[in-house]
Amino acid sequence: MFDLNKIKEKAYLIAALAAVVVILIPIGYSIVTNLFAGPPQPRPFLEMPDEKYKECVRETEFMRQHHWELLRTIREEVVRYGKRTDININKCRECHVSREGFCNRCHNSVNLYPDCFGCHYYPEPSEMAEKMRKSGDKAILFGQSIERLPDLSGE
Amino acid sequence: MERRDFIKIAGGTFLAGSACAYAFRFLTASNIDGLIVENLTTGRKYGMVIDLTKCIPGCTACVEACHNENNVIHSGDKRWDIHWLRKVTIENKLSPEVGKKEVLLLCNHCDKPPCAQVCPVQATYKRHDGIVIVDHHRCIGCRYCVIACPYNARMFNFKSEEEWHNKDHPKRSHGVAEACTLCAHRLDKDQPPACVEACRNVGTGAIVVGDLNDPRSEISKLVESRAVKRLKEDLGTDPKVHYIGL
Amino acid sequence: MDIKFESIEGNSIPYMVMMSAFALMAVVGLITTFFIIEKGLWVTGMTNRVPWGLQIVMAVYYIGLSAGSLVISGLYGVFGKQEYKPFARIAVYLAMLFLIAGLLSILTDQGRMDRVFVEPFVYFNLRSMFSINPILYIGHILICVIYLWALFTEKRKLTTIVATTAFGWAFCVHSGTGAIFGFGARVLYESPLLPASFVAAAMASGTALMILMIVGLFKVTNRHVDDGLIIWLGRFLAVCLLVVVYFLMVENLYRAYVVELRSAAMYYLFGGIHSILFWFGLLLVGCFIPMFLLFRRKTGKQIRWIVLASALVVFGVLCERYVIVIPGLTHAPEIIAGMEIVQSPIDEGVANYSISILEILQALGVLGVIGFLFGFGLKYLKLLPDEARIYERAVPAVANIRKDESGVAVGK
Ligand code: SF4
Ligand code: SF4
Ligand code: SF4
């Protein structure tokens, strides 16, 4: 009266199709993009702040791995508990002049696009360049001092 | 292995895996430094007194100060403009001959806030010190709180603001709800809210914000000594904005 | 009396045309949604005074249809009415689809759709109706899936259990949806009757839609359905309508009677476009004309008229959803007791809401998605019975045996 087997066959077909969509497409995508990506990208060069800003709020290794967790914890404290300290998202911009050269360069290379600065202010490159010209700070590329400020003048 | 069994095992593993992933999210979401301490302002209960008898007709200093301080969108379109603080003219329904009066309307920071009750993600919540705030990192934009607020105090970011008025304070993206925060970011640093400061600068001092729990504070004395009214007290929301001379 | 379920061929031209039309609608809806995500919600007709619009109306409507369809399947699953077995599968499948449509409508209405999948589950708020309802909805979809599976594998006992659960759950789902509004703070929302009247309207619209679906599908695919089945459903629909009208009457009389609410009631009943929808769309077209058609002996027994009545009800309940959601928002709350706000930077008085074309495209997109899934289901699942007849109850053998005087049974 009721052909179970036939239904099952079709169900398997649909399930297989869904599996292809869900599993194979992302895998395939990453394989293909890897094949055609060309030589591996070098590690992103980050623009470091001037030498006189030696200390970040935590040591470098910690910040490299966990800065987002730190920011999230601080966010939770400030927004939900009203505990405001010296460390906040506006503090980053005091030393790291260029979001383009610091945050985004690393985020882009790992395909991450956090949207913090859609709402929080991060100065425009030209604005920062102005500030640096005034104070005489230099941007540093991996410890080397460079005279020209890359990407900062907004030209 | 039969196909049936395989599917059962695979499905089971998948379900268990997703449960683990879910649990993992919870674990990683906990704070890393153990930094969260108890709220600094616990024990306080912020409230506001607006003395309408002092308020200058036509003056909008506080409104402008609020909008500039908090980067509130005001593009000039009535439908989508946001007003954390607004000045309205009222008239008695039964006896209009009494004359018109100007009143400031804002979020009342209800002690039993219906807006926080209905928020599905606890984005709107009451702080320990009684300030009702929206966590814009969490709000999903369902607009249920806009509907639940009986004072029309809550508004929704249909558009986002283009300009930065106050660069130390964030704006909001479009798609989240917001209302007056009693300038919590300033109160936490023991500064008066922007509207209070603006009102003082005009020379009026009609708006007072302070701790209702502290009997020696200016606001407690005002509430104690003057005839204060609150809006829609019959609803039981227990608003904390008091009006003198309403 | 075994019923053979089968799927349709799905190769005919009309089927293909239908499927492509649905697919097109879905794609258009998707594009519209992305446009709205990009631009912000101001491109829709919603404003700060009327923050809920067509999407919420449609969501509530779909959820009603879902709960109603499940009731039809319950006739077989819960009450064991064998003659309604042919419709059970299609009813459950539709119930599932409409719930998905409801969820999609709510989803596409959010300001930050990217957060909808994580935050509501991590930061669950038990006091919010909006938080409880998705749990009810997702549970409903899961129950529908299990129910379908039980029906497909003909597990009699499981069917009864799941059907009973689903029946109760559908009531909760719909009462919960009503509670979103009924427990709100707006004058025209606040009513403990609202959840109950939501259930009644849901049953009416669900039954009406099932009648349309059954008659239409069986006609198009050349299957036989006994008139008696449809006529009985028609009568059920009429009773549901009676309950709907009763609830509406109680609610509005109460509002008009209590002094406090009288101005709100006047606004609701005579205050604008929604009043026209209320009187003509909901009451006249959606309730009284169908009730007249269904209760009248002559027309209540003709399939043609029953179908017409059902179509009117489906439209009428859509109007009902609109007049629940929108006037409650456009009506101005009295913020300062006894005072009228004459001048303000925002709209303080009666607000306007006009549906924008983008919202309509979005709603059509949702319809396209479930239409496509429905066509897909017809082709790949055995949803439709070969025929639907009222079987005479098999006469027990004992009745055929006449005993003669001496107590010896003799065959007739
Ligand atoms: S006034 Fe409105 S927004 Fe403010 S706390 Fe009360 S209910 Fe919430
Ligand atoms: S709009 Fe945001 S704050 Fe308001 S109820 Fe929804 S999630 Fe909560
Ligand atoms: S307290 Fe701050 S946010 Fe509230 S109305 Fe005054 S200035 Fe605006």
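The values are calculated or read from the model by the stated rules, or taken from the named source; none is laboratory data. Keep in mind that what you see is a predicted model, and the values were worked out from it rather than measured. Cβ atoms come from the backbone with ideal geometry, glycine included; neighbour counts cover every protein chain shown. Accessible surface areas use protein heavy atoms only, side chains included; no ligands, DNA or RNA. Shrake-Rupley method; radii C 1.70, N 1.55, O 1.52, S 1.80 Å.
Just tell me, in residue order, which DSSP H segments of chain C are both 18 angstrom or longer along the helix axis (alpha-carbon based) and at least 1.0 in mean Kyte-Doolittle hydropathy.
C:13-39, C:54-77, C:85-109, C:129-152, C:194-220, C:227-257, C:303-330, C:357-380
Calculate the FRET efficiency for A:ILE14 and B:ASN92 from the Cβ-Cβ distance with a Förster distance of 45 Å, rounded to the nearest 0.05.
Once rounded, the FRET efficiency stands at 0.10.
Can you give the relative contact order of the range C:1-100 as a percent, counting alpha carbon pairs under 8 Å and 6+ residues apart?
Values: 49 pairs, mean separation 21.6, N = 100.
Over the range C:1-100, the number comes to 22 percent.
Pairs B:LYS112/B:LYS221; B:LYS45/B:LYS189; B:LYS78/B:LYS189; A:LYS83/A:LYS131; B:LYS54/B:LYS100; B:LYS93/B:LYS126: which exceed 27 Å Cα-Cα?
Long pairs (Cα-Cα over 27 Å): B:LYS78/B:LYS189; A:LYS83/A:LYS131; B:LYS93/B:LYS126.
Give me the accessible area of C:THR221, 1.4 Å probe, in Å² rounded to the nearest 10.
Looks like 40 Å² after rounding.
What shape does chain C take by its C-alpha gyration tensor, where a ≥ b ≥ c are the square roots of the eigenvalues and a/c under 1.5 counts as rounded, a/b above b/c as prolate, and the rest as oblate?
It comes out prolate by the Cα gyration axes.
Excluding ligands, DNA and RNA, what is the solvent-accessible area per residue of chain B at a probe of 1.4 Å, expressed in Å²?
That works out to 46 Å² for each residue.
For the protein assembly as shown, which semi-axes, largest first and in whole Å, follow from the square roots of 5 times the eigenvalues of its Cα gyration tensor?
Rounded to whole Å, the semi-axes are 56, 38, 22.
Extending each Cα 7 Å along its Cβ direction at C:PHE117 and C:MET249, get the distance between those two points in nm, one decimal.
5.0 nm
Using a loss threshold of 40 Å², tell me which positions in the range C:123-150 are less accessible in the complex than in their chain alone. Probe radius 1.4 Å, ligands and nucleic acids ignored.
So the qualifying set is C:TYR123, C:ASN125, C:ARG127, C:PHE130.
Can you tell me the relative contact order of chain C? Whole percent, Cα pairs under 8 Å, sequence separation 6 or more.
30 percent
Gap in Å between the Cα centre of the range C:183-209 and the Cα centre of the range B:108-163?
26 Å
Considering the dipole of the protein assembly as shown built from charges on the beta carbon (Lys and Arg +1, Asp and Glu -1) around the Cα centre, which of C:MET113, C:HIS174, C:MET213 is farthest to its positive end?
C:MET213
Tell me, what is the 1.4 Å probe accessible area of C:MET18, in Å² to the nearest 10?
Ignoring ligands and nucleic acids, C:MET18 comes out at about 70 Å².
Give the accessible area for C:ASP227 in Å² (nearest 10); use a 1.4 Å probe, count only protein heavy atoms, and leave out ligands, DNA and RNA.
Estimated to the nearest 10 Å², C:ASP227 gives 80 Å².
Does chain B come out rounded, prolate or oblate, given a ≥ b ≥ c as the square roots of the eigenvalues of its C-alpha gyration tensor, rounded meaning a/c under 1.5 and, failing that, prolate meaning a/b above b/c?
prolate
Kindly state, to the nearest 0.05, the FRET efficiency for C:HIS224 paired with C:THR160, given R0 = 30 Å and r defined as their beta-carbon distance.
That gives a FRET efficiency of 0.65.
Which residues belonging to the range B:108-133 lose at least 30 Å² of 1.4 Å-probe accessible area when the assembly is complete, relative to their chain isolated?
B:GLN117, B:PRO120, B:VAL121, B:GLN122, B:TYR125, B:ARG127
Leaving out ligands, DNA and RNA, calculate the buried accessible area for the pair B and C with a 1.4 Å probe, summed over both sides, in Å² to the nearest 100.
Details: alone 15030 and 21020 Å², together 31110 Å².
Separately minus together, B and C give about 4900 Å² buried.
Taking amide H positions as placed in the peptide plane 1.01 Å from N, state which residues far from B:ILE82 in sequence (5 or more) or on other chains have amide H under 5 Å from it.
Answer set, sorted by chain and number: B:ILE73, B:SER75.
Could you give the radius of gyration (one decimal) and Dmax (whole number) of the Cα atoms in the range B:72-191, in Å?
15.7, 48
In a shell of Cβ-Cβ distance under 14 Å around B:GLU233, excluding B:GLU233 itself, what net charge do Lys and Arg (+1) and Asp and Glu (-1) give?
Surrounding charge for B:GLU233 is +1.
Report the accessible surface area buried between chains C and A, summing both sides, using a 1.4 Å probe on protein heavy atoms only, in Å² rounded to the nearest 100.
When C and A are taken together, about 900 Å² of accessible area is lost.
C:VAL28 to B:LYS221: FRET efficiency via 1/(1 + (r/R0)^6), r the Cβ-Cβ distance, R0 56 Å, to the nearest 0.05?
For C:VAL28 and B:LYS221, the calculated efficiency is 0.35.
What percent does the relative contact order of chain B come to when contacts are Cα pairs within less than 8 Å and at least six residues apart?
27 percent
Express the accessible area of the range C:13-142 per residue in Å², computed with a 1.4 Å probe while the remaining protein chains stay in the model. Write out the running numbers ahead of the final one.
On the way: 4450 Å² over 130 residues.
Using a 1.4 Å probe on heavy atoms only, each residue of the range C:13-142 averages 34 Å².
Under 19 Å from a point 7 Å along the Cα-to-Cβ line of C:ARG262: which residues of the range B:84-117 have their amide N that close?
Of the residues in the range B:84-117, B:93-96 have backbone N under 19 Å from the label point off C:ARG262.
Quick check on chain B: helices-only [θ] at 222 nm, where DSSP H runs of length 4 and up contribute -39,500 (n - 2.57) each and the sum goes over total residues. Nearest 500, please.
About -8000 deg cm²/dmol.
Quick one: net charge around B:CYS119, please, counting Lys, Arg +1 and Asp, Glu -1 for every other residue with C-beta under 12 Å from its C-beta.
Charge balance near B:CYS119 sits at +3.
How big a patch of accessible area, both sides summed and in Å² to the nearest 100, lies buried between B and A at a 1.4 Å probe? Before the final figure, lay out each step's value.
Values: alone 15030 and 12710 Å², together 25060 Å².
That pair of chains buries around 2700 Å² in total.
Got a number for carbon plus sulfur as a percent of chain C's accessible area, 1.4 Å probe?
69 percent
All other residues with a Cβ under 12 Å from the Cβ of C:LEU41 taken together, and with Lys, Arg as +1 and Asp, Glu as -1, what is their net charge?
Neighbourhood net charge equals +2.
Within the range C:325-360, list the residues whose amide N lies under 16 Å from a label point set 7 Å along Cα→Cβ of B:THR204.
C:344-345
Show that you can apply the helix-only estimate: for chain C, add -39,500 (n - 2.57) for every DSSP H stretch of four or more residues, divide by all residues, and state [θ] at 222 nm to the nearest 500.
Value at 222 nm, helices only: -22000 deg cm²/dmol.
With each label point set 7 Å from Cα along the Cα-Cβ vector, what nm distance links C:LYS379 and A:THR33?
With each label point 7 Å from Cα toward Cβ, the separation is 3.2 nm.
In whole angstrom, how far apart do the alpha carbon centroids of the range C:291-368 and the range A:55-97 sit?
50 Å
As I understand it, the dipole of the protein assembly as shown uses +1 on the Cβ of Lys and Arg and -1 on the Cβ of Asp and Glu, about the Cα centre. Which of C:ILE306, A:LEU13, B:CYS110 lies farthest toward its positive end?
C:ILE306
For the range C:157-197, what is the accessible area per residue in Å², given a 1.4 Å probe and the full set of protein chains?
Per-residue value: 38 Å².
Accessible area of chain B with a 1.4 Å probe: how many percent of it is carbon plus sulfur?
Numbers: 6160 of 11270 Å².
Result for chain B: 55 percent of the exposed heavy-atom area is carbon or sulfur.
Hey, in the GNM for chain C with a 10 angstrom Cα cutoff, which one of C:ALA264, C:ALA170, C:ALA201 fluctuates hardest?
Result for chain C, Cα springs under 10 Å: C:ALA264 fluctuates most.
For the range B:218-246, list whatever residues lose no less than 10 Å² of accessible surface once every protein chain is in place, relative to that chain by itself, with the probe at 1.4 Å.
Buried on complex formation: B:LEU231, B:LYS232, B:LEU246.
Measure off 7 Å from each Cα along the Cα-to-Cβ vector at C:PHE79 and C:VAL350, then give the distance between these two points in nanometres to one decimal.
4.3 nm
Assuming a strict under-15 Å limit between Cα atoms, what lysine pair count do you get for chain C once near-sequence pairs (fewer than 8 apart, same chain) are dropped?
Lysine pairs satisfying the spacing and distance rule in chain C number 7.
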